[in-house]
Amino acid sequence: MLKTLRKAVHKANLQLPKLGLVLFTWGNVSGIDRARGLVAIKPSGIPYKKLILDDMIIVDLNGNVVAGEGNPSSDTATHLRLYEAFPDITGVVHTHSTYATAFAQAGCGLPAYGTTHADYFHGPVPCTRALTDSEIRGSYELETGNVIVETFANIDPNAVPGVLVKNHGAFTWGTSPGDAVHNAAVLEECAKMAWLSQSLNQDMPPVGQVLLDKHYYRKHGPDATYGNKNI
């Protein structure tokens, strides 16, 4: 089972540079085996070109390393907090992708301007509040997770599988490490589209609720009609 988990997380991490979501070591993917209470995550500071399967670090839900050499990602505590708070997710991604991070640095949520966004996010992708000085000086990575969870107090994390952390970057999640990467790529593309759309019309409203619902529920929920289940 550990090999299967490591393989999925390794493969998902390698997708980040291929999809143009990271430079250098600016990101990480994790996956969880909820039955065993174990998480696989990218090691800290290892360039993607050098990343191999056996590099994946296994930690327990308290962040203790149980398998692997070296240190897990510096963002491990954030990932663990999200797994704790969002029980349906099994993969988490963090990136500093350009357009999503631009919105995060500006302290702006990502509006749902069109159907591409609505296909994946049932509403705007929120931006967190800024962390306080005491939160930054304390358990910074854990507090990053806490501020994300706080932001989703009244938002379904399954319907909006991503967030912008103010002054920092993007976190996304999903039903697998690969699905979380998929959502990270969509978030970045939607942020790019939004940026370009705003440059053309600064006063445009978000997409209407009826069209938002139509596109979201075509792909999600028990009555979804998109795709072919048997192919």
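The values are calculated or read from the model by the stated rules, or taken from the named source; none is laboratory data. Everything quoted here is computed from the prediction, not taken from an experiment. So basically every Cβ, Gly included, is an ideal-geometry build from the backbone, and we count neighbours across all protein chains shown. Only protein heavy atoms, including side chains, enter the accessible area calculation; ligands, DNA and RNA are left aside. Shrake-Rupley method; radii C 1.70, N 1.55, O 1.52, S 1.80 Å.
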Do any helices (runs of 4 or more DSSP H) entirely within segment 109-171 hold 3 or more residues that are touching a residue at least 12 places away in the same chain (Cβ under 8 Å), and if so, which? 115-118, 140-151
From the list Val59, Val65, pick out the single residue that is at pLDDT 95 or above, buried (at least 17 other Cβ atoms within 10 Å of the Cβ) and either over 26 Å from Met193 (Cβ atoms) or in contact with a strand residue (DSSP E or B) (Cβ under 8 Å, 6 or more places away or on another chain) (or both). Val59
Just to be sure, is Gly63 under 20 Å from the mean Cα position of the chain (by Cα) and on the phi > 0 side of the Ramachandran plot? yes
If you check Leu82 against the conditions, is it under 23 Å from Ala159 (Cα atoms) and either of a type outside the set (Phe, Trp, Tyr) or assigned to a helix (DSSP H, G or I) (or both)? yes
Does Ile89 qualify as being in a loop (DSSP other than H, G, I, E, B), within 28 Å of Leu5 (Cα to Cα) and open to solvent by less than 60 Å² (accessible area, probe 1.4 Å)? yes
Scanning segment 186-216 for residues that are in contact with a strand residue (DSSP E or B) (Cβ under 9 Å, 6 or more places away or on another chain) and surrounded by fewer than 21 Cβ atoms within 10 Å (Cβ to Cβ) gives Val186
Which listed residue, of Thr132, Thr144, Thr115, is polar (S, T, N, Q) and buried (at least 21 other Cβ atoms within 10 Å of the Cβ): Thr144
Conditions: (1) more than 19 Å from Gly70 (Cβ to Cβ); (2) touching a residue at least 24 places away in the same chain (Cβ under 8 Å); (3) open to solvent by 20 Å² or more (accessible area, probe 1.4 Å). Leu53 meets all but one. Number of the miss? (1)
Could you tell me how many of the residues in segment 173-217 are part of a helix (DSSP H, G or I) and either at pLDDT below 95 or hydroxyl-bearing (Ser, Thr, Tyr) (or both)? 4
Please state which one of Thr175, Thr225 is farther than 23 Å from Phe86 by Cα and open to solvent by 80 Å² or more (accessible area, probe 1.4 Å). Thr225
